[in-house]
1. When the Debye formula is applied to the Cα atoms of the stretch A:96-176, each taken as the same point scatterer, what base-10 log of I(q)/I(0) results at q = 0.12, 0.17, 0.18, 0.21 Å⁻¹?
2. How far apart, in nm, are two points set 7 Å out from the Cα along the Cα-to-Cβ line at residue A:530 and at residue A:564?
3. Averaged across the residues of A:373-382, what count of C-beta atoms belonging to other chains lies within 10 Å of each residue's C-beta?
4. If one computes P(r) from the Cα atoms of the stretch A:171-301, what percent of pairs lie at distances over 17 Å?
5. Efficiency by 1/(1 + (r/R0)^6): what FRET value for residue A:157 and residue A:503, r their Cβ-Cβ distance, R0 = 41 Å, to the nearest 0.05?
6. Within the stretch A:534-573, what residues put their amide N at less than 11 Å from the label point 7 Å along the Cα-to-Cβ vector of residue B:112?
7. Which FRET efficiency value, to the nearest 0.05, do you get for residue B:90 and residue A:419 by plugging their Cβ-Cβ distance into 1/(1 + (r/R0)^6) with R0 = 51 Å?
8. In peptide B:10-19, what is the residue-averaged number of other protein chain Cβ atoms found within 10 Å of each Cβ?
Amino acid sequence: MRNPFRTCPTTGLDVHKDADALIKANAVAATVALLIGGATAVLVLLTRWQAVHLLSDVWFYRILTVHGMNMLIFFILFFEMAVLYFASAVLLNSRVAAPKTGWVAFVLMLAGAAMVEWAMFTGRADVLFTSYVPLKAHWAFYLGVILFAVGAILVTAIFFATLVVAKRENTYEGSVPLVTFGAMTAAIIAAITLLHGAAIYIPTFLWSLDLMHVDPQVYRLVWWGLGHSSQQINVAAMVAIWYLLGALTVGAVVVNEKISRTAFVLYILFISMASAHHLLVDPGFGPSWKIVNTSYFMYMAVLASMLHGFTVPAGIELGMRLRGFTQGIFGWLRRAPWHDPGFSALCLSVVVFGFVGGITGVTFGTEQINIIAHNTLRIPGHFHATVVSGTAMAFMGVTYYVIPLIFRKKIAFYGMAKWQPWVFSAGMLVFSTAMTFAGTFGVPRRHWDVTFSGAPFGVEYSAAVDLLFAVMAAGGLVAAVGGAMYIVVTVWSVFFGKPLGDEMTQSALAGTVPPGLYTRPFTELPAEPAKLKEHGRLGTMPGTMILVGVFLLAFVVYYFANWKLLSAMWQIG
Amino acid sequence: MHATGITPPQGVWWKPAHKSEKVWATVAFAWCMVLFAMMPVWHLRGGQNPSGIRAKVDPADYQARVQEFIRDYQVGTDAGFPVVAPPPGSDVYLIGQMWSWLPVVQLEKGAEYTLHLSSLDVNHGFNLYPFNVNFQVVPGYDYGLRIVPTEAGEYGVVCNEFCGVGHHLMVGKVIVVEPGGAGGAGAGEADGAAETTGASQPAGAGVESDPQ
């Protein structure tokens, strides 16, 4: 019998060939979805920019539906399936528990996605991503989502089964690595999320066939158990990838396993309550329900994110200091490998997710402040900073390591790959910031024409809004270029790239793969770690203490500025 | 030596946290408590809360209430829509349907009203322009919000929940007049009047009185 494993020459891990193949298939599917989502993003952008106003009203809402489904469901979930196989089978040296079921799941997800794409592109599902009942789509749209979700739930089950197999077959010693623990968090949240998906899409599918009634408010409640929770899978998966990239690029250490793992557990316990963020100005729920849920029971999930926001940079700082980069407060940051696309993607993801996505998200998710944010451009401004600048950026960064490690290919156009995170992140930062500001003027999201031509009454936004739309367009187009660079690099590497030999030295690999692969900071720990120096009250990780202090200051200022803005409104109660 | 995130930690890893981690965890926890406390505090002390009076309602019943409301208090028409001026303290009914808001409402500055929002068909979104005030309008549910207009002028009501292909045409109007004066402002007025009011102001700008 042939050996079902290969030994990775970089990490020394035994990689199961089925895991290899399943990771590849899911990653390729994710990239196809990203391509569709990215192309439609440009069309949406050029329509909302009123100076161009590219698409007709019908096609705008249709393409917006396509953009949402491909980015938020297909791209993200296919990629997360790959992450689940990687974090279980590869990191634990294990076989995949049920590879055949893995392929069944993949085919189900593919078939479901194809049905949804068909319904959307043929105009049978002009209901946007949220598909709020009683706006009705063709039954194939709902059935497609159900099939996709069933496939994803199977992969989640295979992930847990693989953990059991690895433990039973003693493929590793000690506890599971933190990255696997984080992926497990994502998988548990995925199970919760996908059950909500089943709970709402099965009745809605039956409703589309006129077999039952679905209450519009109940739909919004349960649907957001899917819609928002699925973004929390992203958060958990993204944080796991932060730890992974930290280890791969600079040998970041886990400062304290207890703190990081407890923070993941806080996600599991509380983060799913965030679906209430979408229901704060809804008629179906009272203030107590709104306060308890929107705050994840006293902001315990925010606490978790703030802990990770500390431990990730702290792990990088400590890892660098132990390897001798001990100069001053920020010497470790100055001498970090900024030219490594894995490392720059990691840092940009952490910073933009935290400063823009995180702060705006918590602020808009405050019960009363939501009055001045709900359904305006502030909301997509927020989630482009989280899902795109945070999650997608981290996913892109890890791809530069997945291609050599799993696909065993060199990175094509490596010079372009080095710039890709910077271009993408800078574009998205400008885009989402401009979008958020436009939203403070009350400009609605998901709207074809904010000049309201043909409407019975006129509404004319400030001239600043026109400027902000232009800035949004500029940022969005730069980000689209960054996205295209990513697709060119990854597709070319995977399908036409040069195979990677077994020699893992700098002379053999420099300029073709990220430097973490031949410097191997994650395996080559220093025999004698550098001595850590206490910096008074700032402790042994002074740089990180200053960074999180700046973060907290920005958070406090933005949060209270919004209360001030709210207090200028009409009295409402 | 610490483990990295991809190596299995050996032995007991439940160890005391580093000093700086303890400091940050404490600060972050305290900030979370501030975030949590602000919401109940604003219910007690603040002037803007999305609580309202919430009830289920049959869309046909709600439509009948709106018709009655229009019949009782209509003072004119504007762009083909009835302009309705209810007395201070009364219930105001606004209906969202594909793709218009009915009726045009005329209120007095400084008076309290209960603004009822509901939909006859799909979800709609209530956005008051140029104030950036937003509420979800759900079919089958009556959202009654006690409001006190703080500034005279003409306001747009923009639908901000996708409700079908005519979504962008769904704009309504609220007129706020000085107390006791200027009745019947709606009748026969030019449609373009709304465009001149506060058109270039950001949300909330130009408000001098403290609504609290």
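Since every read-out is calculated from the coordinates, none of them should be taken as a lab result. Fair warning: this is a prediction, and the values are worked out from it, not measured in the lab. Because the Cβ atoms are built from the backbone with ideal geometry, glycine has one as well, and the counts that use them run over all protein chains shown.
1. Scattering profile of the stretch A:96-176, log10 relative to I(0): -0.48, -0.70, -0.74, -0.87.
2. Placing both labels 7 Å along Cα→Cβ, they lie 4.2 nm apart.
3. Counting other chains' Cβ atoms within 10 Å and averaging over A:373-382 gives 4.
4. Working: 5471 of 8515 pairs.
Looking at the stretch A:171-301, the distances longer than 17 Å represent 64 percent of pairs.
5. So, using R0 = 41 Å, E works out to roughly 0.55.
6. A:572-573
7. In this case the efficiency is close to 0.20.
8. Shielding by partners across B:10-19 averages 5.
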